């Protein structure tokens, strides 16, 4: 997210979304093939990957891009690096998706994390609030889900949550790493088309004006922010607890704040430091061993 901060206004949100998916998907498929992992086959395999791509890639990244575009803080404040009440609420909304994963995993797979784990999920959201919101005054008159970024970010969060649960179904028919790569390619193509129709700057001549740092940032978001992270995340989603795995996304705004401090000169408020500690405690609680309760 820090790498995307300066690139988004120069390239357009949907272009970045497609660039995060298609090239990294190709890399992931090539890696999986080099490791001897089988290609998807059969109607059920490709159907499950296509639906997975629609929900977790196209919808998640598309809603995320639309949310960034509509957020009053503007694209320059991605990941709450630049303080703004509206964008901070957006970040809390999207990083609270472990709650949805917990509900779906419980209904579909009978997962249970106990009282301590459930309390940890709630505490995680509180930690996010402490990290993102307290520096800003709450103005209820400016909060609107229907016409602003908050609504689109909420949809993005739910798409990511459903996608996390879907990977268990997808892995019944295809190798999880190979399926992850193909879902990124398939899901990224509609976003590339939307980027063209949206007249994103990168497709209207400005791509040649990007600096070497901009290109490195794009490559970083594609390779590390998508290919590696998606591959590892969804591979692990096929094994163990979905709720515990999803709880790690509580770390996203904390890492964003840390790297904002290191590379962009942002500072932590005392409340934000407390929020970071609360978030870490929440993740520990969600991953607490049942035998120790």
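Quick rundown of the values:
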{"quantity": "Test: residue 44 is farther than 26 Å from residue 213 by Cα and touching a residue at least 40 places away in the same chain (Cβ under 8 Å)", "calculated": "yes"}
{"quantity": "Residue in segment 10-26 that is modelled with pLDDT under 95 and part of a loop (DSSP other than H, G, I, E, B) present", "calculated": "yes"}
{"quantity": "Residue that is modelled with the highest pLDDT [pool: residues in segment 127-143 that are surrounded by 14 or more Cβ atoms within 10 Å (Cβ to Cβ) and not in a loop (DSSP other than H, G, I, E, B)]", "calculated": "127"}
{"quantity": "Count - residues of segment 187-213 that are under 13 Å from residue 12 (Cα atoms), part of a helix (DSSP H, G or I) and modelled with pLDDT under 90", "calculated": "5"}
{"quantity": "Residue tally, condition more than 24 Å from the chain's Cα centre (by Cα), free of Cβ contacts under 8 Å to residues at least 12 places away in the same chain and surrounded by 11 or more Cβ atoms within 10 Å (Cβ to Cβ), over segment 205-219", "calculated": "1"}
{"quantity": "Single match in 226, 257, 247, 222 (criterion: within 26 Å of residue 125 (Cα to Cα) and at pLDDT 85 or above)", "calculated": "226"}
{"quantity": "Residue 153 modelled with pLDDT of 85 or more, buried (at least 22 other Cβ atoms within 10 Å of the Cβ) and within 18 Å of residue 63 (Cβ to Cβ)", "calculated": "no"}
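To keep it simple, each residue is scored yes or no on (1) at pLDDT 50 or above; (2) touching a strand residue (DSSP E or B) at 6+ places or on another chain (Cβ under 9 Å); (3) under 17 Å from residue 249 (Cβ atoms).
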residue: 45; (1), (2), (3): yes, no, no
residue: 52; (1), (2), (3): yes, no, no
residue: 85; (1), (2), (3): no, no, no
residue: 93; (1), (2), (3): yes, no, yes
residue: 110; (1), (2), (3): yes, no, no
residue: 115; (1), (2), (3): yes, no, no
residue: 123; (1), (2), (3): yes, no, yes
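The values are calculated or read from the model by the stated rules, or taken from the named source; none is laboratory data. Keep in mind that this is a model prediction, so the values were computed, not measured. Cβ: placed from backbone, ideal geometry, glycine included. Neighbour counts: every protein chain shown.
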